[in-house]
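The values are calculated or read from the model by the stated rules, or taken from the named source; none is laboratory data. It should be emphasised that the depicted structure is a prediction, and the values quoted were computed from it without experimental measurement. Don't worry about glycine lacking a Cβ; one is built from the backbone with ideal geometry, like all the others, and counts go over all protein chains shown. Side chains are part of the model used for accessible areas, which takes the heavy atoms of the whole protein and leaves out ligands, DNA and RNA. Shrake-Rupley method; radii C 1.70, N 1.55, O 1.52, S 1.80 Å.
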Amino acid sequence: MNNNELWENVDHYFEEKLLPEDKILNQTLENNQLAGLPQIDVAPLQGKLLYLLTKMKSARQVLEIGTLGGYSSIWFARAVTQNGKVVTLEANQNHAEVARENIENAGFKQTVQVLVGNALDTLPTLENAGESFDVIFIDADKQNNPKYLEWALRLANEGALLIADNVVRNGEVIDQRSEDERIQGLREFTNMLENEERIESTAIQTVGSKGYDGFVIGIVK
């Protein structure tokens with residue numbers, strides 16, 4: 001058994017033990033696949049982690065940068081406090097339409113707002129509307145992570161939780177000579193965190209059904 005098979009089997013073991021059968025979330029993943037969306041949703045155990053972190057924070061307002069088919073959006077919607085709200089940003093119109101259908105089927109049409117367009121265009125509209133957030137999840141085009149961090153700090157409430165996904169990318173993040181703009185974006189993002197006094201952060205490497213990756217988590221002061 002190779003490492004990938006082992007990691008996937010361990011994920012399945014914990015899913016069976018810790019994640020009750022969930023028809024809505026399973027249907028969401030199936031809908032995404034049928035719609036031809038890339039299979040890059042967060043893994044089920046990671047979705048549950050996002051849910052738990054949001055519950056621990058007693059978050060009322062969540063901002064998600066990168067919707068895809070709305071799988072993680074539904075996890076967040078389940079976790080926000082009563083009358084809470086999730087705002088999720090998606091650049092691809094087709095992905096947004098699939099997400100809206102999934103979110104409505106999950107019963108969260110009134111909780112989750114899907115904004116379509118380049119996130120760097122829609123983020124200013126949130127600031128102009130006076131929005132602020134308790135949890136911010138960055139999971140979009142990695143080359144723009146530095147700019148997303150700047151916006152996250154502008155839109156974060158005091159003590160807000162920041163989570164950035166896919167920051168390890170099979171260990172490529174340590175390759176300073178990489179010509180991949182996503183890797184360079186992640187390295188710049190990490191350099192910003194190193195020097196940014198307004199946030200305390202750490203990084204966790206992960207293995208599982210999605211392979212070898214990791215995430216950053218931080219608290220905005």
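So what is the accessible area of segment 68-214 per residue, in Å², with the probe set to 1.4 Å?
Values: 7160 Å² over 147 residues.
Dividing the accessible area of segment 68-214 by its residue count gives 49 Å².
Tell me the mean residue ellipticity at 222 nm calculated for the chain from its helices only (DSSP H runs of n ≥ 4, each -39500 (n - 2.57), averaged over every residue, nearest 500).
Details: 8 runs with 100 residues, N = 221.
Estimated from H runs of four or more residues: -14000 deg cm²/dmol.
Put a dot 7 Å past each Cα toward the Cβ at residue 219 and residue 118; how far apart are the dots in nm?
3.6
For segment 146-221 and segment 21-36, what is the separation of their Cα centres, given in Å?
Cα centroid of segment 146-221 versus Cα centroid of segment 21-36: 28 Å apart.
So between residue 157 and residue 27, what do we pick up on full extension, going 0.36 nm a residue minus the alpha carbon distance?
Length difference between fully extended and current span is 43.4 nm.
Taking θ as phi - 60°, what are the ³J(HN,Hα) couplings along segment 108-121 by the Karplus curve (6.51, -1.76, 1.60), each to the nearest whole Hz, with x for Gly and Pro?
Karplus-based 3J(HN,Hα) across segment 108-121 equals 10, 4, 7, 8, 10, 10, 9, 9, 9, x, 4, 4, 6, 8 Hz.
Quick one: if the Förster radius is 41 Å, what FRET efficiency do residue 6 and residue 104 give, using the C-beta to C-beta distance and rounding to 0.05?
Details: r = 38 Å, r/R0 = 0.93.
That pair, residue 6 with residue 104, gives E of 0.60.
Check which residues have an amide H placed less than 5 Å from residue 85's amide H, if you skip close sequence neighbours.
Distant-sequence amide H within range of residue 85: 61, 62.
If you wrap a convex hull around the C-alpha atoms of the chain and split its volume per residue, what is the figure in Å³?
Details: hull volume 27.8 nm³, N = 221.
Output value, Cα hull per residue: 126 Å³.
Based on alpha-carbon atoms only, what is the radius of gyration of segment 124-206 relative to the globular estimate 2.2 N^0.38 Å? If you can, show how the numbers build up before the last one.
Numbers: Rg = 13.2 Å, N = 83, 2.2 N^0.38 = 11.8 Å.
The reported ratio for this selection is 1.12.
If we restrict to alpha carbons, what Rg and Dmax does segment 1-53 come to, in Å?
According to the Cα coordinates of segment 1-53, Rg and Dmax are 12.4, 33 Å.
Compute the signed sum of charges (Lys and Arg +1, Asp and Glu -1) over the other residues within less than 14 Å, Cβ to Cβ, of residue 199.
Details: positive: 154, 198, 221; negative: 150, 158, 194, 196, 197, 200.
Residues close to residue 199 contribute a combined charge of -3.
Looking at this model, which pairs from 57/142; 17/142; 17/85; 48/142; 23/147 are more than 27 angstrom apart at the alpha-carbon?
On the way: 57/142 25 Å; 17/142 33 Å; 17/85 30 Å; 48/142 23 Å; 23/147 36 Å.
Checking Cα-Cα distances, 17/142; 17/85; 23/147 exceed 27 Å.
Using a cut-off of 15 Å between beta-carbons, work out the net charge of the residues near residue 11 (Lys and Arg +1, Asp and Glu -1, residue 11 not included). Write down the numbers at each step before the final one.
Values: positive: 17, 48, 210; negative: 5, 8, 15, 16, 41, 213.
Computed value for this residue: -3.
Excluding residues on the same chain fewer than 8 positions from residue 55, give the aspartates and glutamates whose Cα lies under 19 Å from its Cα.
Excluding near neighbours in sequence, the set is 22, 64, 134, 158, 165.
To the nearest 20 debye, what is the magnitude of the charge dipole of the chain about its Cα centre, counting +1 on the Cβ of each Lys and Arg and -1 on the Cβ of each Asp and Glu?
Working: 20 positive and 34 negative charges, 132 e Å.
Around 640 debye, computed over the chain.
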